[in-house]
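The values are calculated or read from the model by the stated rules, or taken from the named source; none is laboratory data. Just so it is clear, the structure is predicted and the values come from calculations on it, not from any experiment. Methodologically, a virtual Cβ is constructed for each residue, glycine included, from the backbone with ideal geometry; neighbour enumeration extends over all protein chains shown.
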Amino acid sequence: MDIKITDDIKYIGVDDTTLDLFESQYVIPDGVSYNSYVILDEKIAVVDTVDEYKLKEWEEKLIHVLKGRNVDYLIIQHLEPDHTGGIVRMLELFPEVTLVGNKKTFLFLAQYVDMKEEWNTLLVSDRDMLDLGAHNLTFLMATMVHWPEVMVTFDATDKVLFSADAFGKFGALSLTEDEDWAGEARRYYFNICGKYGIPVQALLGKVKPLHLKKICPAHGPILSEPLEQYINLYDTWSKYEAESKGVLIVYGSFHGNTAKVAEQFADMLREMGEEKVVVVDLVRSDMAEVIEDAFRYDRMVIAAASYDAGVFPEINDFLYRLQMKNYQKRKVGIIENGTWSPSAGRVIKQLLEEMKELEIIEPMITVYSTLKEENMEGMRVLAIEMM
Ligand code: FEO
């Protein structure tokens, strides 16, 4: 597929449709793309490479675009291996190439490869510039979006931002051409960069005044004007603000009884006029998507069975992940179930209390095995409080 960016900027990224799990964590039913770019000018710069599994395909594209010319600069924006598989190959092909990175780039690079004295390197800091001829590049440090060495590159001539992991999305480009951006970009953001809201805010502060025409991320489609829609979503996400009003009900149920309580509570909310209620069976769902929904909506209810004097294990895992991703600023209700000594609620509450700015809504509901009439008043009060 032909991906047009500008006259001088060419796409040489590749799709990966065979990888089972991204970062050995996240399902990617439509694959992922590793994006790499060439800026053709008096001097030629390549921005990032690809995962080593896709090296051959990337090299063919690179050679095709170069039309016999040499690469002068390889800009290394991020050291995670999904973007650096081609660095050594680039040096084999073009021994005179200059590697461009910051202090941490080279510190980390030396951990991955055996760096040679004869390699040319250019050490850059925040807002340092590189002149390619017609194109003038500015490097902006984007520390912790998603690793400490991350930097992004602004081409002032074409008003293009090479944004590394920021603004990335799951999905191979060849399979997701017509797909809505936000769905998989949101799942990508909260699971990959979600912990780093403050650094993302810092990056947005640098990027907003640039009047960008295009954003070229390290994964997913090239974004074109109007870019406000993407930047505004990133702003909302990185401030940990809810994107939509709605109640996410996440349940962990061994034999279906806690599931019935969750469904009944959802019906109660709907009858009270709640427009958006999403019910999720955690063990039969993609955990990363449930994490995404937890951040998307402004309220959440956790309904969980007790287990080994604790909580349903996947609910425990879910809460751990939410904490890792800095889940905050939400209203959360708790429904616990147990046959002899319900313990889920206590554990859920403890975990939630360790998170920032969460409002734990009372009353917590305790169900003994199956929902009874005696639970209904408490459920109604909780529903009212959640509205
Ligand atoms: Fe796509 Fe953080 O690497």
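Would you confirm, using the coordinates I've provided, whether Val88 is buried (at least 20 other Cβ atoms within 10 Å of the Cβ), assigned by TED's automatic domain parsing to the domain that holds Leu227 and more than 27 Å from Gly194 (Cα to Cα)?
no
For residues that are part of a loop (DSSP other than H, G, I, E, B) and crowded, with 24+ Cβ neighbours inside 10 Å, scanning just segment 31-43, find the one that is nearest to the ligand (Cβ to nearest atom).
The selected residue is Asn35.
What are the pairs with Cβ atoms under 7 angstrom where one residue, in segment 56-83, is within 16 Å of the ligand (Cβ to nearest atom) and the other, located anywhere, is part of a loop (DSSP other than H, G, I, E, B) and small (Gly, Ala, Ser)? Sequence gap at least six, or different chains.
Trp58/Ser36; Trp58/Gly86; Gln77/Ala164; His78/Ala164; His78/Ala218; His83/Ala218
Taking segment 84-121 on its own, how many of its residues are aliphatic (A, V, I, L, M) and within 16 Å of the ligand (Cβ to nearest atom)?
Within segment 84-121, residues that are aliphatic (A, V, I, L, M) and within 16 Å of the ligand (Cβ to nearest atom) number 2.
Could you tell me whether segment 164-171 includes any residue that is within 27 Å of Pro226 (Cα to Cα), of a type in the set (A, V, I, L, M, F, W, C), in the same structural domain as Pro199 (by TED's automatic domain parsing) and out of contact with any strand residue (DSSP E or B) (no Cβ under 6 Å at 6 or more places or on another chain)?
Yes, segment 164-171 contains at least one residue that is within 27 Å of Pro226 (Cα to Cα), of a type in the set (A, V, I, L, M, F, W, C), in the same structural domain as Pro199 (by TED's automatic domain parsing) and out of contact with any strand residue (DSSP E or B) (no Cβ under 6 Å at 6 or more places or on another chain).
Does Asp128 count as free of Cβ contacts under 8 Å to residues at least 12 places away in the same chain, closer than 18 Å to Cys216 by Cα and more than 16 Å from the ligand (Cβ to nearest atom)?
So Asp128 fails the test.
Being outside any loop (DSSP other than H, G, I, E, B) and within 11 Å of the ligand (Cβ to nearest atom) is the filter here; which residues of segment 138-190 pass it?
The answer is Tyr188, and nothing else.
What number of residues within segment 1-27 satisfy the criterion of being surrounded by fewer than 21 Cβ atoms within 10 Å (Cβ to Cβ) and assigned to a loop (DSSP other than H, G, I, E, B)?
Going through segment 1-27 one residue at a time, the tally reaches 14.
For Leu371, work out the one condition from (1) surrounded by fewer than 19 Cβ atoms within 10 Å (Cβ to Cβ); (2) part of a loop (DSSP other than H, G, I, E, B) it doesn't fulfil.
Only one criterion in (1) surrounded by fewer than 19 Cβ atoms within 10 Å (Cβ to Cβ); (2) part of a loop (DSSP other than H, G, I, E, B) is unmet by Leu371, namely (1).
Residues Leu66, Leu74: which one is within 16 Å of Tyr11 (Cα to Cα) and buried (at least 19 other Cβ atoms within 10 Å of the Cβ)?
Leu74
Farther than 26 Å from Glu274 by Cα and in contact with a helix residue (DSSP H, G or I) (Cβ under 8 Å, 6 or more places away or on another chain): is that true of Gln323 in this structure?
yes
Need pairs with beta-carbon distance below 7 Å; first residue under 18 Å from Leu248 (Cα atoms) and free of Cβ contacts under 8 Å to residues at least 60 places away in the same chain and within segment 333-348, second among the small types (Gly, Ala, Ser) and in a strand (DSSP E or B); sequence gap 6+ or separate chains.
Glu336/Ala304; Glu336/Ser306; Ile348/Ala304
Is it fair to say Ala218 is surrounded by 15 or more Cβ atoms within 10 Å (Cβ to Cβ), outside any strand (DSSP E or B) and in contact with a His (Cβ under 7 Å, 6 or more places away or on another chain)?
Answer is yes for this residue.
Can you tell me which residues in segment 316-368 are touching a Ser or Thr at 6+ places or on another chain (Cβ under 6 Å) and either exposed (fewer than 14 other Cβ atoms within 10 Å of the Cβ) or closer than 17 Å to Met287 by Cβ (or both)?
Within segment 316-368, Thr339 is the sole residue that qualifies.
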